[in-house]
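The values are calculated or read from the model by the stated rules, or taken from the named source; none is laboratory data. Predicted, not measured: the structure shown is a model, and the values here were computed from it. A quick note on method: Cβ atoms are made from the backbone with ideal geometry, for glycine too, and the neighbour counts reach across all protein chains shown.
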């Protein structure tokens with residue numbers, strides 16, 4: 001299927017691994033030019049080597065999205081390399097502060113919201129102007145099943161992702177009439193470095209291996225995931241690629257769940 005994005009300029013945040021990296025690979029395969037960003041220089045370098053595209057198709061930019069000046073510099077670098085971004089995939093995020101509500105202090109809440117919500121606000125704000133001027137744009141914000149189905153031991157993350165969903169919906173209403181289409185994608189328990197770390201910690205706590213940690217997590221914590229496995233980043237990237245394509249020209253303000261049925265409602 002031709003997605004109609006050949007030559008389009010795409011900015012992918014959180015692109016050093018996981019969903020961001022898989023999305024960048026798929027967009028490159030579909031002919032887009034990609035600006036890839038993360039704040040880990042070594043990981044970003046590995047990602048670029050893994051993707052194997054030349055500088056005429058792929059440009060890495062190191063940036064901390066919690067720093068407004070670095071966000072502005074990131075978008076300026078994208079513009080210098082390829083022109084104004086026409087596609088934004090915001091995949092950067094962290095698990096953030098964990099524990100029961102009464103165990104998490106203000107600093108834990110602030111850091112999680114800073115990375116998982118306010119970074120999205122900053123990046124969208126930085127790319128929105130040229131999209132509005134051009135009369136077209138595609139924005140996909142990575143949310144989570146947690147945004148509608150919160151878990152008691154990671155409420156800062158859940159609240160931040162609920163904010164991302166509301167942000168995407170509000171942006172779609174505000175800028176859809178100008179040709180900027182905004183959607184969210186909500187994965188659940190994907191095989192990424194973030195969930196690898198979670199499962200390594202679970203395995204250590206239980207004195208077992210990672211496979212057993214994953215199996216027990218699915219049974220005890222995510223019983224709604226009927227496929228009984230972690231998702232693959234590529235399975236999420238496929239949905240993202242559709243949403244930024246010309247094939248999704250009548251889709252905006254939506255939340256696409258890629259969650260193996262984890263969320264209990266329709």
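Read through the list (1) more than 14 Å from residue 91 (Cα to Cα); (2) surrounded by 15 or more Cβ atoms within 10 Å (Cβ to Cβ), then give the number of the only condition that residue 229 fails.
(2)
Every residue, every condition in (1) modelled with pLDDT of 95 or more; (2) at positive phi; (3) outside the structural domain of residue 157 (by TED's automatic domain parsing), yes or no:
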| position | (1), (2), (3) |
| --- | --- |
| 198 | no, no, yes |
| 206 | yes, no, yes |
| 214 | yes, no, yes |
| 217 | yes, no, yes |
| 240 | yes, no, no |
| 247 | yes, no, no |
| 251 | yes, no, no |
| 265 | no, no, yes |
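So which pairs qualify, if the first residue must be in the stretch 252-266 and more than 18 Å from residue 218 (Cα to Cα), the second must be in a loop (DSSP other than H, G, I, E, B) and modelled with pLDDT of 95 or more, the Cβ gap must be under 7 Å, and the two must be at least 6 apart or on different chains?
Filtered contacts from the stretch 252-266: 255/143.
What is the residue count in the stretch 2-23 for residues that are free of Cβ contacts under 8 Å to residues at least 60 places away in the same chain and surrounded by 21 or more Cβ atoms within 10 Å (Cβ to Cβ)?
Within the stretch 2-23, residues that are free of Cβ contacts under 8 Å to residues at least 60 places away in the same chain and surrounded by 21 or more Cβ atoms within 10 Å (Cβ to Cβ) number 1.
Of everything in the stretch 102-145, what is touching a helix residue (DSSP H, G or I) at 6+ places or on another chain (Cβ under 9 Å) and part of a loop (DSSP other than H, G, I, E, B)? Give them in sequence order.
Correct list: 104, 135, 136, 143, 144.
Write out, first by first residue and then by second, each pair whose Cβ atoms fall under 6 Å of each other, whose residues are 6+ apart or on separate chains, and whose first residue, in the stretch 101-120, is in the same structural domain as residue 38 (by TED's automatic domain parsing) and surrounded by fewer than 18 Cβ atoms within 10 Å (Cβ to Cβ) while the second is assigned to a helix (DSSP H, G or I) and at pLDDT 95 or above.
If the second residue must be assigned to a helix (DSSP H, G or I) and at pLDDT 95 or above, the pairs left are 101/155; 109/156.
Would you pick out the residues in the stretch 29-47 that are farther than 20 Å from residue 83 by Cβ and touching a residue at least 12 places away in the same chain (Cβ under 8 Å)?
38, 39, 40, 41, 43, 44, 45, 46, 47
Tell me, which residue of the stretch 237-266 that is within 15 Å of residue 88 (Cα to Cα) and out of contact with any helix residue (DSSP H, G or I) (no Cβ under 8 Å at 6 or more places or on another chain) is surrounded by the most Cβ atoms within 10 Å (Cβ to Cβ)?
So the residue we want is 243.
In the stretch 43-61, which residues are surrounded by fewer than 16 Cβ atoms within 10 Å (Cβ to Cβ) and under 25 Å from residue 128 (Cα atoms)?
Of everything in the stretch 43-61, those that are surrounded by fewer than 16 Cβ atoms within 10 Å (Cβ to Cβ) and under 25 Å from residue 128 (Cα atoms) turn out to be 55, 56, 57.
Name the pairs whose Cβ atoms lie under 8 Å apart, with the first residue in the stretch 211-236 and in contact (Cβ under 8 Å) with a residue 40 or more places away in the chain, the second loosely packed, with under 15 Cβ neighbours inside 10 Å and part of a loop (DSSP other than H, G, I, E, B), and 6 or more positions between them or separate chains?
221/151; 224/261; 224/264
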